[in-house]
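Asker: Please find one structure pasted underneath; my questions will follow.
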Amino acid sequence: MEPNLIPTLDPNPLPAPYWLFKLLLVVTFFLHILAMNLLLGGAVLALVAKWRSKNQEMNNRMFFDLAKKLPSLLPATITLGIAPLLFVQVLYGQFFYMASIIVAWPWFLVLVLLTIAYYGLYYVSFQNGQHAGKTGIVMLFSAALIFLIGFVYGNNFTLIQTPLRWRGTYFANPSGWNLNLSEPTVIPRFLHFFTAAVAVGGLLLVLIALTKWNRDAAYARHVFRFGGKAFMYATMAQFVIGIGFLAGLPRDLRMLFLGDNPLATLLFVIGVAGAIGASFLMAEALRKENIRLAAYYVPGITGVVILSMSVMRDRLRDAYLKPYFHPEQFLVKTQWSVFPLFLALFIAGGILWFVMLKRYGLFAGANQRS
């Protein structure tokens, strides 16, 4: 590859050690992906509930129960996504900016699509059962925009890690109206994220059912069964899609997770074993109608799986960029005087976000009829 295709490393020194930025990148991405999964998965399952012909009264109520949570989850997804995006720019800026230029117009349109989706989610959440026909269409439109935003992100971030595609993609269309569709992992990678979101959306319904279990048992059981089955079906689909994603990787990268790299292989085993274990526990919870088993243990195991997958994603990106990315070249000038303040604000901000989400978003009105 010609050296001048990749910009030179930013000469400004890092204000903290490289390993710390990597740690923060993984942690903040993990938090972002949790919020995103709740958002997209909740929207998809709300639509499924809306248009199910069986037990329409309860399904319509479940639709509005989910709809009231989504306007809080979208800004949470955006806010928690800013930090990992900034860390990516700090560490991988020479790759990130080149890829973003190539897909410039879809990348710029993300802000427009987000704004429109936000208005749509708020419109639906304010209806309180009114305009029943319109709410489904508006929710579908907003969910489709969020789906499209995720697809644009997937195209950009796969292009970041494949610099050999830059020249051909750019000169085929220098206008900026590009995607990275020639990359064989784009579709399975995106579907892997999408089905994970549906699974986590199912867990959101399980948590909603838990809050209503003692006050409205019939409705809570309906929500529990719907969410639990959605989690299981989506998790099973993950295995099929994951195999396709793994098969699409170049052999040397695929083998990282199949024995060549101990850490990557361990993370892969944790992810697979955790998904199987979570599915088994959910099946047991549904069979025994044990809401606490499903609401307490399955989300914990799923969180471990998502965290392991987040680290795997980071390892895979570094493996893709190994010929071009050399972390030892970074200059480091640690600003220890401001680091304690940053860390304190980061932790306090995370705690405040969870408190706000619980009080005003995720479980707002949990014990009221929608």
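Please treat every number below as a calculation from the coordinates, not as lab data. Everything quoted here is computed from the prediction, not taken from an experiment. Note that we place each Cβ from the backbone using ideal geometry, even for glycine, and neighbour counts take in every protein chain shown.
Asker: Where does the longest stretch of the chain lie that holds no chymotrypsin sites (Phe, Trp or Tyr not before Pro) found in a DSSP loop with 14 or fewer other Cβ atoms within 10 Å?
Answerer: Result for the longest clean stretch: 178-335.
Asker: Then there's this: Report the trypsin sites (Lys or Arg not before Pro) located in region 13-77 that are in a DSSP loop and have at most 16 other Cβ atoms inside 10 Å of their Cβ, or state none.
Answerer: Arg52, Lys54
Asker: Between Met255 and Thr115, how many nm apart are label points set 7 Å from Cα along the C-beta direction?
Answerer: Between Met255 and Thr115, the label points sit 5.0 nm apart.
Asker: Could you pull out every residue, at least 5 positions away or on a different chain, whose amide H is within less than 5 Å of the one on Leu14? Hs are placed 1.01 Å off N in the peptide plane, and Pro or chain starts have none.
Answerer: Leu331, Val332, Lys333
Asker: What FRET efficiency comes out for the pair Leu9/Leu85, r = Cβ-Cβ distance, R0 = 22 Å, nearest 0.05?
Answerer: Efficiency, rounded to the nearest 0.05: 0.70.
Asker: While we're here: What FRET efficiency comes out for the pair Arg292/Leu352, r = Cβ-Cβ distance, R0 = 25 Å, nearest 0.05?
Answerer: Efficiency for this residue pair is about 0.35.
Asker: OK, next. Can you find, among Tyr233, Trp166, Leu73, the residue sitting farthest towards the positive end of the charge dipole of region 13-325, where Lys and Arg contribute +1 and Asp and Glu -1 at Cβ?
Answerer: Tyr233
Asker: Using only Cα atoms, locate the centre of region 279-327 and the centre of region 170-219, then give the distance between them in Å, rounded to an integer.
Answerer: For region 279-327 versus region 170-219, the Cα centre distance is 14 Å.
Asker: Separate question: Helix 186-212 versus the longest principal axis of the chain: what is the Cα-based angle in degrees, 0 to 90, to the nearest 10?
Answerer: 40
Asker: For Leu145, Leu345, what's the fewest-to-most ordering of other Cβ within 10 Å of each Cβ?
Answerer: Leu345, Leu145
Asker: Looking at this model, which pairs from Lys54/Lys358; Lys69/Lys134; Lys68/Lys212; Lys22/Lys68; Lys68/Lys229 are more than 25 angstrom apart at the alpha-carbon?
Answerer: Lys54/Lys358; Lys22/Lys68
Asker: Moving on to the next point. Please label the shape of region 39-197 as rounded, prolate or oblate, based on the square roots a ≥ b ≥ c of the eigenvalues of the alpha-carbon gyration tensor (a/c under 1.5 means rounded; beyond that, a/b larger than b/c means prolate, else oblate).
Answerer: Cα axes put region 39-197 in the prolate bin.
Asker: Which ³J(HN,Hα) values, rounded to whole Hz and listed in residue order, are derived for region 16-31 from phi using the Karplus coefficients 6.51, -1.76 and 1.60 in 6.51 cos²θ - 1.76 cosθ + 1.60 with θ = phi - 60°, glycine and proline given as x?
Answerer: After applying 6.51 cos²θ - 1.76 cosθ + 1.60, I find 7, x, 4, 4, 5, 5, 5, 4, 5, 4, 5, 5, 5, 5, 4, 5 Hz.
Asker: Moving on to the next point. I'd like to compare 200-207, 310-317: which one has the highest average count of other Cβ atoms within 10 Å, and what's the full order after that?
Answerer: 200-207, 310-317
Asker: Using the crude model of +1 on Lys and Arg Cβ and -1 on Asp and Glu Cβ, and no other charge, please compute the dipole size for the chain relative to its Cα centre, in debye to 20.
Answerer: 1200
Asker: Put +1 on the Cβ of every Lys and Arg and -1 on every Asp and Glu Cβ in region 289-351; which of Asn290, Leu331, Leu343 then has its Cα farthest towards the positive end of the dipole?
Answerer: Towards the positive end, the residue furthest out is Leu331.
Asker: Apply 1/(1 + (r/R0)^6) to the Cβ-Cβ distance of Gln335 and Ala283, taking R0 = 45 Å, and write down the FRET efficiency to the nearest 0.05.
Answerer: The formula returns an efficiency of 0.35 here.
Asker: Please arrange Ile276, Ile208, Ile82, Ile149 by counting, for each residue, the other beta carbons lying within 10 Å of its beta carbon, fewest first.
Answerer: Sorted ascending by nearby Cβ count, the order is Ile82, Ile276, Ile149, Ile208.
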